[in-house]
Amino acid sequence: MLTPDRHFVLDRHPSYSNIVIGAGFSGHGFKFGPIIGKLLCELSLGQVPSYDLSPFRIRRFQAKTKSAL
């Protein structure tokens, strides 16, 4: 399933920092598997991600929806 803006979600859960989210890949996500794995691993270990993840933050949808996230 795609996100509304058709970009991935790579982030920590806004309320539960021990949950790391990697979602919204649809059919084209497989080609990004190695780098996404690395980035999610870095997030899980509390490291600074190798790349800027701001375009993939889950909060980018907050102003557009009334989601509980």
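The values are calculated or read from the model by the stated rules, or taken from the named source; none is laboratory data. All values derive from a computational prediction rather than experimental measurement. Ideal geometry is used to build each Cβ from the backbone, glycine not excepted, and the neighbour counts take in all protein chains shown.
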### Selected residue (only one of LEU39, LEU10, LEU2 is touching a residue at least 40 places away in the same chain (Cβ under 8 Å) and not basic (Lys, Arg))
LEU10
### Query
Within region 6-32, which residues are surrounded by 13 or more Cβ atoms within 10 Å (Cβ to Cβ) and among the charged types (D, E, K, R)?
ASP11, ARG12
### Summary
Of the residues in region 22-56, those that are under 17 Å from PRO4 (Cβ atoms) and assigned to a loop (DSSP other than H, G, I, E, B) number 2
### Task
Within region 11-21, identify whether any single residue is in a helix (DSSP H, G or I) and closer than 22 Å to PHE61 by Cβ, and answer yes or no.
no
### Query
Using beta carbons and a limit of 6 Å, which pairs, at least six apart or on different chains, have the first residue in region 45-69 and closer than 11 Å to PHE8 by Cα and the second one of a type in the set (Gly, Ala, Ser) and at pLDDT below 95?
none
